[in-house]
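What follows is a short report on a single structure.
The values are calculated or read from the model by the stated rules, or taken from the named source; none is laboratory data. These numbers come from a predicted model, not from an experiment. Quick reminder, even Gly has a Cβ in these numbers, built from the backbone with ideal geometry, and neighbours come from all protein chains shown.
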Amino acid sequence: MDKASISSTEGKPIRCKAAILRKAGEPLVIEEIQVDPPQAYEVRIKILCTSLCHTDVTFWKLESGPLARFPRILGHEAVGVVESIGENVDGIKQGDVVLPVFHPQCEECKECKSPKSNWCTRCTNDFLSNTRRYGMTSRFKDSFGEDIHHFIFVSSFTEYTVVDIAHLVKISPEIPVDVAALLSCGVATGIGAAWKVADVEEGSTVAIFGLGAVGLAVHIFHNNRSYIKQFFVMTSF
């Protein structure tokens, strides 16, 4: 994303394309939407690459309950480049390559400072909200001016999205975008479960159930540690 295009859109609403879920279980519809500028502690990013997670499918099929909200923009595994930033945003600037992640990191609470956990107590996973600090306020509007719901604070099935700074991680621009997109959920989940939660030690034997993105992430992590034995358990239904 060049500097000229950034300066021309900064502080202004952006019109772009997004894949919108209008009703549970129905095909996503490509529509033109408006993405508002970021507010304080928020960042607007241009999505470079996004992938599909099973959680997206779960919410796509969800017909009832408080989490079934329409219209909505799904997607949460992605990588993007910063287009503009709101007030009180530190450590990230225009042009940076970032990962949006649904699990926040405030860097201030006890859990975020702990080397064993990042279950943030200041920014709990209230998936009923559209935005982290502004509740049901949406940054998306459809062509009729109606609000579109966010999805677990990311919404990556769109050309542009707005994400709270607590949900962004700056990464190297040298990482291929199709690889980087997987790091924000599937890979982090697999490696985190083995490294941070299970705390696999030398001499351990690890059983990996399934070889999807999460299972393969565990395998790659342990494959670089010759002192760990691993075997795979595959199931069919």
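Structure above, values below:
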{"read-out": "Given (1) of a type outside the set (D, E); (2) modelled with pLDDT of 95 or more; (3) farther than 14 Å from V81 by Cβ, number of the condition H167 does not satisfy", "value": "(2)"}
{"read-out": "Strands (runs of 3 or more DSSP E) contained entirely in segment 120-221, each with at least 2 residues that are under 27 Å from K17 (Cα atoms) and among the hydrophobic types (A, V, I, L, M, F, W, C)", "value": "160-164, 168-170"}
{"read-out": "Elements of type strands (runs of 3 or more DSSP E) in segment 1-117, at least 1 residues being surrounded by fewer than 18 Cβ atoms within 10 Å (Cβ to Cβ)", "value": "14-20, 29-35, 42-51, 77-85"}
{"read-out": "Meets criteria (over 30 Å from V29 (Cα atoms), more than 12 Å from the chain's Cα centre (by Cα) and either crowded, with 19+ Cβ neighbours inside 10 Å or at pLDDT 90 or above (or both)) for I220", "value": "no"}
{"read-out": "Odd one out for I45, checked against (1) at pLDDT 95 or above; (2) within 24 Å of K23 (Cβ to Cβ); (3) of a type outside the set (S, T, Y); (4) touching an Asp or Glu at 6+ places or on another chain (Cβ under 8 Å)", "value": "(2)"}
{"read-out": "Unique match (being among the basic types (K, R) and under 30 Å from D199 (Cα atoms)) among K116, K61", "value": "K116"}
{"read-out": "Residue in segment 169-184 that is crowded, with 16+ Cβ neighbours inside 10 Å, under 12 Å from P100 (Cα atoms) and among the charged types (D, E, K, R) present", "value": "no"}
{"read-out": "Residue within segment 186-203 that is farther than 13 Å from H76 by Cβ, basic (K, R) and in contact with an Asp or Glu (Cβ under 9 Å, 6 or more places away or on another chain) present", "value": "no"}
{"read-out": "Qualifying positions in segment 189-214 - free of Cβ contacts under 8 Å to residues at least 24 places away in the same chain, of a type in the set (G, A, S) and either surrounded by fewer than 17 Cβ atoms within 10 Å (Cβ to Cβ) or farther than 21 Å from C53 by Cβ (or both)", "value": "A198"}
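This table checks each residue for (1) at pLDDT 80 or above; (2) closer than 24 Å to V57 by Cβ; (3) among the acidic types (D, E); (4) in the same structural domain as A40 (by TED's automatic domain parsing).
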site	(1), (2), (3), (4)
Q105	yes, no, no, yes
R122	no, no, no, yes
L128	no, yes, no, yes
S138	yes, yes, no, yes
V154	yes, yes, no, yes
V163	yes, yes, no, yes
P176	yes, no, no, yes
